[in-house]
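The structure appears right after this line, and notes come after that.
The values are calculated or read from the model by the stated rules, or taken from the named source; none is laboratory data. Because the structure is predicted, anything quoted here is derived from the model rather than measured. Every residue, glycine as well, gets a Cβ built from its backbone with ideal geometry; the counts of neighbours run over all protein chains shown.
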Amino acid sequence: NAGVTQTPKFQVLKTGQSMTLQCAQDMNHNSMYWYRQDPGMGLRLIYYSASEGTTDKGEVPNGYNVSRLNKREFSLRLESAAPSQTSVYFCASSAQTGYGYTFGSGTRLTVV
Amino acid sequence: DQQVKQNSPSLSVQEGRISILNCDYTNSMFDYFLWYKKYPAEGPTFLISISSIKDKNEDGRFTVFLNKSAKHLSLHIVPSQPGDSAVYFCAAGLSGSNYKLTFGKGTLLTVNP
């Protein structure tokens with residue numbers, strides 16, 4: 001009964017480095033989402049995948065790419081990390097019922 | 001342009017009293033609304049939701065009220081408990097938009113013993 005699993009939980013990157021944040025859900029949900037949370041900014045949508053094989057930009061997509069590897073997994077890639085990408089990243093999934101998301105526990109990323 | 005607004009960054013109440021958290025939205029097309037609760041170092045967890053066809057939804061100590069004409073919703077917690085201390089996010093969604101949710105900035109609720 002894991003729900004949504006994110007890895008890693010913490011990461012420190014140097015400016016210009018790349019990395020991939022992993023997310024997997026075991027609830028057979030169709031839709032998956034990546035949000036970032038910054039102080040005073042709430043949760044902002046980066047990218048989402050309405051179903052396997054599709055991805056779309058959200059509110060703040062610049063500097064990120066995503067891959068919906070299969071129905072379970074949705075990864076977020078930073079190709080060249082910048083200090084402005086220091087944030088807490090949350091992955092979520094939804095059954096498209098209109099009753100909201102299940103969130104992972106987050107990845108705290110610091111770019112120095 | 002912030003479509004979901006929580007204008008109070010923080011709220012402090014005494015244990016046993018009522019907590020009222022407020023949320024305003026600008027997009028009249030939103031047709032469902034949710035409240036999430038978030039503890040430090042954890043992901044947000046779903047608390048309660050309401051469809052735009054209703055004006056009230058209740059679940060135990062938690063009640064959400066929706067005033068569509070004012071584009072306003074509120075979360076009432078009665079009675080408040082110290083374990084309710086958390087950040088509360090209001091979110092709004094639009095059916096048919098791939099169920100994307102738009103979140104407010106959150107309100108930090110502190111319930112004092």
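For region A:9-23, indicate whether the set of residues that are within 30 Å of B:Asp31 (Cα to Cα) and either at pLDDT 95 or above or buried (at least 20 other Cβ atoms within 10 Å of the Cβ) (or both) is non-empty. Working first, answer last.
Of the residues in region A:9-23, the ones within 30 Å of B:Asp31 (Cα to Cα) are A:23.
Those still in the list that are either at pLDDT 95 or above or buried (at least 20 other Cβ atoms within 10 Å of the Cβ) (or both) too: A:23.
Within region A:9-23, one or more residues are within 30 Å of B:Asp31 (Cα to Cα) and either at pLDDT 95 or above or buried (at least 20 other Cβ atoms within 10 Å of the Cβ) (or both).
Kindly indicate whether B:Val111 is more than 10 Å from chain A (Cβ to nearest Cβ), touching a helix residue (DSSP H, G or I) at 6+ places or on another chain (Cβ under 6 Å) and not in a loop (DSSP other than H, G, I, E, B).
Working: more than 10 Å from chain A (Cβ to nearest Cβ): yes; touching a helix residue (DSSP H, G or I) at 6+ places or on another chain (Cβ under 6 Å): yes; not in a loop (DSSP other than H, G, I, E, B): yes.
In short, yes.
In this structure, is B:Phe62 out of contact with any Ser or Thr (no Cβ under 9 Å at 6 or more places or on another chain), surrounded by 15 or more Cβ atoms within 10 Å (Cβ to Cβ) and not acidic (Asp, Glu)? Walk me through it before giving the result.
Details: out of contact with any Ser or Thr (no Cβ under 9 Å at 6 or more places or on another chain): yes; surrounded by 15 or more Cβ atoms within 10 Å (Cβ to Cβ): yes; not acidic (Asp, Glu): yes.
The answer is yes for B:Phe62.
Okay, residues lined up against (1) touching a residue at least 40 places away in the same chain (Cβ under 8 Å); (2) assigned to a strand (DSSP E or B):
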{"site": "A:Tyr33", "(1), (2)": "yes, yes"}
{"site": "A:Tyr47", "(1), (2)": "no, yes"}
{"site": "A:Gly53", "(1), (2)": "no, no"}
{"site": "A:Phe74", "(1), (2)": "yes, yes"}
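Do you know which residues across region A:1-57 are more than 13 Å from every other protein chain (Cβ to nearest Cβ) and among the polar types (S, T, N, Q)?
A:Asn1, A:Thr7, A:Gln11, A:Thr15, A:Gln17, A:Ser18, A:Thr20, A:Gln22, A:Asn28
Taking B:Phe46, is it part of a strand (DSSP E or B), facing chain A (nearest Cβ under 10 Å), at negative phi and surrounded by fewer than 18 Cβ atoms within 10 Å (Cβ to Cβ)?
On the way: part of a strand (DSSP E or B): yes; facing chain A (nearest Cβ under 10 Å): yes; at negative phi: yes; surrounded by fewer than 18 Cβ atoms within 10 Å (Cβ to Cβ): yes.
For B:Phe46, the condition - part of a strand (DSSP E or B), facing chain A (nearest Cβ under 10 Å), at negative phi and surrounded by fewer than 18 Cβ atoms within 10 Å (Cβ to Cβ) - is met.
Of everything in region B:39-60, what is in contact (Cβ under 8 Å) with a residue 40 or more places away in the chain and closer than 15 Å to A:Phe90 by Cβ? Give them in sequence order. Give the steps one after another, and end with the answer.
Applying the first criterion (in contact (Cβ under 8 Å) with a residue 40 or more places away in the chain) to region B:39-60 yields B:39, B:44, B:47.
Answer for region B:39-60, where residues must be in contact (Cβ under 8 Å) with a residue 40 or more places away in the chain and closer than 15 Å to A:Phe90 by Cβ: B:Tyr39, B:Pro44.
Residue-wise test of (1) facing chain A (nearest Cβ under 9 Å); (2) free of Cβ contacts under 8 Å to residues at least 60 places away in the same chain; (3) closer than 28 Å to A:Val4 by Cα; (4) basic (Lys, Arg).
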| position | (1), (2), (3), (4) |
| --- | --- |
| B:Leu21 | no, no, yes, no |
| B:Lys37 | no, yes, yes, yes |
| B:Leu66 | no, yes, no, no |
| B:Asp84 | no, no, yes, no |
| B:Tyr88 | no, no, yes, no |
| B:Leu94 | no, no, yes, no |
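For A:Asn28, state whether it is in a loop (DSSP other than H, G, I, E, B), out of contact with any strand residue (DSSP E or B) (no Cβ under 8 Å at 6 or more places or on another chain) and closer than 21 Å to B:Ser95 by Cβ.
On the way: in a loop (DSSP other than H, G, I, E, B): yes; out of contact with any strand residue (DSSP E or B) (no Cβ under 8 Å at 6 or more places or on another chain): yes; closer than 21 Å to B:Ser95 by Cβ: yes.
Answer is yes for this residue.
Any chance region B:75-88 includes a residue that's surrounded by fewer than 20 Cβ atoms within 10 Å (Cβ to Cβ), at pLDDT 95 or above, assigned to a strand (DSSP E or B) and out of contact with any helix residue (DSSP H, G or I) (no Cβ under 7 Å at 6 or more places or on another chain)?
The answer is yes; a qualifying residue exists.
What pairs come up if the first residue lies in region A:17-29 and is within 26 Å of A:Ala81 (Cα to Cα), the second is among the aromatic types (Phe, Trp, Tyr), and their beta carbons are under 7 Å apart, counting only those six or more places apart or on different chains?
From residues that are within 26 Å of A:Ala81 (Cα to Cα), the pairs are A:Leu21/A:Tyr89; A:Cys23/A:Phe74.
Going through region A:76-112 one residue at a time, which ones are touching a strand residue (DSSP E or B) at 6+ places or on another chain (Cβ under 8 Å), modelled with pLDDT of 95 or more, more than 14 Å from every other protein chain (Cβ to nearest Cβ) and in a loop (DSSP other than H, G, I, E, B)?
A:Ala81, A:Ala82, A:Thr86, A:Val112
Filter region B:10-38 down to the residues that are part of a loop (DSSP other than H, G, I, E, B), of a type outside the set (A, V, I, L, M) and modelled with pLDDT of 95 or more and list them by number.
Those that are part of a loop (DSSP other than H, G, I, E, B), of a type outside the set (A, V, I, L, M) and modelled with pLDDT of 95 or more: B:Glu15, B:Gly16, B:Arg17, B:Thr26.
Considering each residue of region A:60-75, count those that are within 14 Å of chain B (Cβ to nearest Cβ) and either more than 14 Å from A:Tyr48 (Cα to Cα) or touching a Gly at 6+ places or on another chain (Cβ under 7 Å) (or both), and give that number.
Qualifying residue count for the region: 1.
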